[in-house]
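Inspection log for the structure reproduced underneath, given as C-alpha cells.
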There are 2 protein chains.
Amino acid sequence: MSRLTYEQFQAQRAEFLRDEESRALGADIVLTEDEQKVNEWLMKLKKTELDAGFKTPREFAPARHFFTVLEQIKASPLFQLIQRMPKGGILHAHDTAIGSMETIVKATYREHLWQNGEFDRPTPPNYKFSRTKPDPLDGVEWRSVADIRKELGNEGFDQNLRDVFTLFDEEPSQAYSCINHIWGKFQYMFISLEPIVTYKPVWEDYFRNSLEEVHQDNVCYLEFRGVLPAVYDLDNRVYTPEEVVQIYYDIVQNFKQTHPTFIGVKLIYAPIKFADDALFDTFLDTAESLHQKFPTFVAGFDLVGQEDTGRPMTDFNERLLRMSPTIQFFFHAGETNWCGLIDENLIDVILLGTKRIGHGFAAVKHPRVLEEIKKRNICIELNPISNQVLKLVDDYRNHVGAIYFSDNYPVVVSSDDPAFWCASPLSHDFYMAFLGLAAARQDLRLLKKLALNSLEFSAMSKAEKAEAKLKWTVAWNSFIDQTVKSIA
Amino acid sequence: MSRLTYEQFQAQRAEFLRDEESRALGADIVLTEDEQKVNEWLMKLKKTELDAGFKTPREFAPARHFFTVLEQIKASPLFQLIQRMPKGGILHAHDTAIGSMETIVKATYREHLWQNGEFDRPTPPNYKFSRTKPDPLDGVEWRSVADIRKELGNEGFDQNLRDVFTLFDEEPSQAYSCINHIWGKFQYMFISLEPIVTYKPVWEDYFRNSLEEVHQDNVCYLEFRGVLPAVYDLDNRVYTPEEVVQIYYDIVQNFKQTHPTFIGVKLIYAPIKFADDALFDTFLDTAESLHQKFPTFVAGFDLVGQEDTGRPMTDFNERLLRMSPTIQFFFHAGETNWCGLIDENLIDVILLGTKRIGHGFAAVKHPRVLEEIKKRNICIELNPISNQVLKLVDDYRNHVGAIYFSDNYPVVVSSDDPAFWCASPLSHDFYMAFLGLAAARQDLRLLKKLALNSLEFSAMSKAEKAEAKLKWTVAWNSFIDQTVKSIA
C-alpha cells in the first residue's frame, strides 16, 4: 500500500472535479461573451445566498418550507433575475391550478353565483352558477354569494376564499399531518373549485388569464394536463370534452395573435385515475376522439390523482396498449416515497412507451429505470415545490433532481399546480431548482439547458420546435442584452 | 411508432423486475431451507407494517421522527426479531455514545462528584470528580452532586441528567430549529459528558458496559471511533492516549474471555477536526505512535465533528498523505445536504485512499464518487437514525441508503451515537434500514448481507475475518434454528 504524492493528489483531484463538472446537466452549453457576463452576475447572486445559508442554515430558503419563505424569495435579487429570464416552456402543470387564485376570487363577484355550506368547516362550501336558486343540497339551502359578501364584507369573503382554494398555511408542518391528509385537501380543492371555474365565462377568463400570467413570467410555451371537466352555462348547456378543447384552442389562437412572442399551447388529456373500468373506457374513447379531431393540439394522454391511493398502472396497461399507437403517453409515475410498491408504476409507464415521466421522484431507487430513462431519452418532469408542499421531501437539497442534475439526465423543471401554493407559473420552481437542487457551481448553463430542454422534450413537431427555438432565442438574447446593460 | 402486445409487455415487465431484484444488495445470498422459513416469517412481519403504513402513512415508523416512535418500535414484532438476529459488527460508532446513558446516570451516584451550574439553563452544568471541592469556575462555586441529589431527589436529578445527555425531545421538530442548532447541543453533550466519563473508574465501567450492551444486542464485533480524551483519577493522574488505548485493550481482552462468542474490538483513532495546525500535528504524532504500539488493535485514523462547520479536508490532505502508508483511513465525508461545497470532502477522502466512508450521504449527487466507490470497493457506513436526528433527512424512505441498497453498493448499517438518541446499539438502525430504506421486497438476504458486510469491510486481518465469520455463522445458525422452532 502506498499513498499519492501531494502533486499527484492535486492533479487527480482537479481531474476528478473536471470530470464531475463535465457530466452535469448543461455542461455542453458554451456561453457567449455576453452570457458569461450575465453568468458572473448570476453566480454572484447565487453565492451570496449560498454563503448566507451555509453560515445560517435556518435562513436558507431551499432548506425551509416554501410557505415560510415566500416573502424572502420575493426580495431575492437572484429570484428577480430568474423571473426576467426566458425560461422556455412549462411541460407539467394542471388546468385549473396554473393561473393565480385572484381570477377565481374575481369570478365570485359575478352575478348568479350560489354557495352551499359555510367557511371554516372541515369541508369547504359548494358553489354553483345558476339563474335561479338551486335545490337544497342534503337539506341545506343555497345562498347567493352576493348576500354572503354583504355579510362578511368583500375583504373577509375574499380571504376565506383564498384559504379554501390554496394550500397555504403559515405553519405548514403543523397544518398537515401526513401525505394523505394534504392530498385529501388538495384533491378536494379541485373538486370544490370546479363549479366556479367550469362556468363558461369563468372558464374562458381563467384560461386566458393563466396564459397571461405564464407569459408575464417569461414562459413562452405551455403543455398542460387537462381533465376536461363539464363546462356549463346559465342555459344549462353542458359542453362535451371536444367542445371544451375547442374553447381552449380558440383562446390559444387568439392569445397568440395578441402575443406574437408566445409560442403556443398543447393539451395532454389527463382524466383522473380514480375510475372504475367502465368510466376508464369512456376516457379512452374520448382520448381517441380528441386525437382524431385535434391531432396536434391534443398532444397525448395521462392519468392524474394521488399515486399512493390511486389505482396502479397494472390495472390499465392492457387497455392502454390497445390505444392508437399515434397517441403519445406522458404519464405521471413515481410521485411517491414508497419503494417496491406503487412506485413500480415507473416500470409500467416506461414499457408503455411514455415520452416523459411526471415527477419520477422514486426513480432513483430503481437502477434499471434510471438506465432506461437515459437509453430511451425519457424526460423527467421535475416539480420541486409541488413535491415539498405535497410532502414527498422536506429540504430541497434532498430533492432527487439534484441527482438528475449531477449526471445529465433528461429533465425539465416545471411547476405542477403553482396557484395552489401561491407560486408564480414557473419562476419559483426555477429558483428552488437553481439554488436548492443544483450544485453550488452549476451556473447559467444549467438554466439555459433547462429552457432548451423544455422545448426539445415538448410534444411539438420538428418544425414547431425549430420555430419555437427561434422565438425563444430572440427573447433570450434580448434578456442577455438587457441584463448586460443593467449590470454594466 | 408501435406498442408492445400485452404478452410482450408482461414478459418485459417480468424481466425488468427480475433484473432490478438481481441488482439489489443481498441478491447473491442463497437461503437454506430453514432460512427460507425464517424469511417467510420476517416478510410477513414486514408486510404487516408496510400495509398498515401504506394505508395510514402517519403511523408508519420510518415516515416519522425517531423520538416519536420509540415506544411503537419497542412493541414491533419485526423489531424484536431483528433484535434477536446476529447482526455482525458495528463499524461506525463513537466512544462515549454507544453504551446507554444509564451507566452515566449510575456513575453520578459515585462519591467525589461535583457540579458547577444548574439544570434547565441554556448551557448544561459542568461536572468533575475530585477529592476536594474544585476552585470556582467563572466565579461560580462547585456543589457536591450528593447534596444536589438530596435537594432534587434521585429521580428528579436522574431525569435532569437524561435531558442533558440525550437529544431526546417529545417534539423534535419544535425543539431544534436547524442542523447547526442540534449539532451545537450534540457536540456540547460530548464536552459536558467528558469529565464524568473520563474519570478512570467510570471510563472503565462505561466501556465495559458498552460492550455488554453491544453483545446483548446480538452484535459480535465493534470498530469504534475514539477521540482518546484525557482520562484522569482522584490522584490527579492524567492518562496519555497510549495509556487510554491500553485501558481499552485490557478491557477487551477480559471481555472476550468472559464472552467467548464475542469476536473483538478495534479502535479508529479519530480526534476532532476543529483543530489548528499545531494541534493537528500532535494528532498525527499520536496516530503514528499508536500505530507502532497497537498495530492491530488501533485500526486507523479519522477526524470527527460537524462537517459543515469544520475545517475541510483540503486543509489536511498534504499532511495526511505524509502519514505512514500502513495507517489506514476511515474518514467521515459527505455528512451534509450541501452540494458542491463541503461535500467535496468525498473526493479528498477517496483520493487519500480511505478504506470506508462514514455516512457518504452526499455521494449520490456525485456520479464519479459513486463510480469510484464501486471500483475501489469503498464501504459506505450508513447511520440512518443519526442522519434523521441530526437533520439531514426527514423521512427514512428518502435516506440515500435506499439508493445504495437498490444497486448493490458496498455498504454497512451502523449507529453512530445510539445512546444520544436512546437507541439500542444497532437494532433500531437495522429496523429502520430494513423497513424504511429497503424496497418492500428486500428480505432476509439483505439483512444477512449487511451482517456479512460488517465483517468483510472491517479492519480485521484475513485470519481474523475467517475466525469471525465462523463465530458469527454459529450464532446465525442458532438464531435460524430457534426462530424456526418458535414459528413452527
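The values are calculated or read from the model by the stated rules, or taken from the named source; none is laboratory data. Just so it is clear, the structure is predicted and the values come from calculations on it, not from any experiment. We place every Cβ from the backbone using ideal geometry, glycine too, and count neighbours over all the protein chains shown. Just so you know, the surface numbers come from the protein's heavy atoms only, side chains and all, with ligands and any DNA or RNA stripped out. Shrake-Rupley method; radii C 1.70, N 1.55, O 1.52, S 1.80 Å.
Structure data summary
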quantity: By accessible area with a 1.4 Å probe, ligands and nucleic acids excluded, highest first: order of B:ASP235, B:ASP169; calculated: B:ASP235, B:ASP169
quantity: Restraint check, B:LYS47/B:LYS74; A:LYS44/A:LYS74; B:LYS87/B:LYS185; A:LYS46/A:LYS87, Cα-Cα greater than 20 Å; calculated: B:LYS87/B:LYS185
quantity: Cα-based helix-to-principal-axis angle, A:33-55 vs chain A, degrees rounded to 10; calculated: 80
quantity: Inter-part distance where the stretch A:67-87 and the stretch B:280-346 are each reduced to a Cα centre, Å; calculated: 40
quantity: Label-zone membership for the stretch B:196-220, site B:THR261, 7 angstrom Cα→C-beta point, backbone N under 19 Å; calculated: B:209-220
quantity: Between 0 and 90°, nearest 10: helix B:179-197 axis offset from chain B longest Cα axis; calculated: 50
quantity: Axis proximity, chain B to A: residue whose C-beta lies nearest, plus whole-Å distance; calculated: B:ASP394, 2
quantity: Peptides A:296-302, A:87-93, B:77-83, A:332-338 ordered by average Cβ neighbours within 10 Å, highest first; calculated: A:87-93, A:332-338, A:296-302, B:77-83
quantity: Nearest-ten-degree value, helix B:200-216 long axis tilted from longest Cα axis of chain B; calculated: 20
quantity: Residue mean of other protein chain beta carbons inside 10 Å, A:359-369; calculated: 5
quantity: Label distances, nm, A:GLU151 versus same residue in remaining copies, Cβ-directed 7 Å point; calculated: 6.0
quantity: Gyration tensor (alpha-carbon) shape descriptor, the stretch A:1-74, a/c threshold 1.5; calculated: oblate
quantity: Shortest-first distances to equivalent copies, position A:PRO136, nm, label 7 Å out along Cβ; calculated: 8.0
quantity: Fully extended contour minus Cα-Cα distance, from B:GLN80 to B:ASP147, at 0.36 nm per residue; calculated: 20.0 nm
quantity: Nearby aspartates and glutamates by direct alpha-carbon distance to A:LYS374 (threshold 12 angstrom, same-chain neighbours under 8 apart not counted); calculated: A:ASP407
quantity: Separation of alpha-carbon centers, the stretch B:24-59 and the stretch B:388-409, rounded to whole Å; calculated: 18
quantity: Chain A: C-alpha gyration tensor shape, a/c 1.5 cut-off, then a/b vs b/c; calculated: prolate
quantity: Förster radius 45 Å - calculated FRET efficiency between A:ASP235 and B:GLU15 (Cβ-Cβ, nearest 0.05); calculated: 0.20
quantity: B:LEU447 accessible area, 1.4 Å probe, all protein chains in place, Å² to nearest 10; calculated: 0
quantity: Solvent accessible area, Å² - A:SER177, 1.4 Å probe, full protein context; calculated: 70
quantity: Efficiency of FRET from Cβ geometry, B:ASP163 and B:GLN216, R₀ 30 Å, rounded to 0.05; calculated: 0.75
quantity: Rounded if a/c under 1.5, otherwise prolate or oblate - the stretch B:111-165, Cα gyration tensor axes; calculated: oblate
quantity: By accessible area with a 1.4 Å probe, ligands and nucleic acids excluded, highest first: order of B:CYS379, A:CYS422; calculated: A:CYS422, B:CYS379
quantity: Pseudo-label separations to other copies for A:ASP315 - Cα-to-Cβ vector, 7 Å, nm; calculated: 5.7
quantity: GluC sites (Glu not before Pro) within the stretch B:166-219, DSSP loop, no more than 11 other Cβ atoms inside 10 Å; calculated: B:GLU170
quantity: Probe 1.4 Å - accessible area at A:THR123, Å² to nearest ten; calculated: 80
quantity: Two-site FRET efficiency, B:GLN8 against A:THR296, from Cβ-Cβ distance with R₀ of 30 Å, rounded to 0.05; calculated: 0.55
quantity: Heavy-atom accessible area order for A:LYS106, B:LYS365, A:LYS469, largest first, 1.4 Å probe; calculated: A:LYS106, A:LYS469, B:LYS365
quantity: Spacing of the two label points (7 Å from each Cα toward its C-beta) at A:GLN246 and B:LEU279, in nm; calculated: 7.9
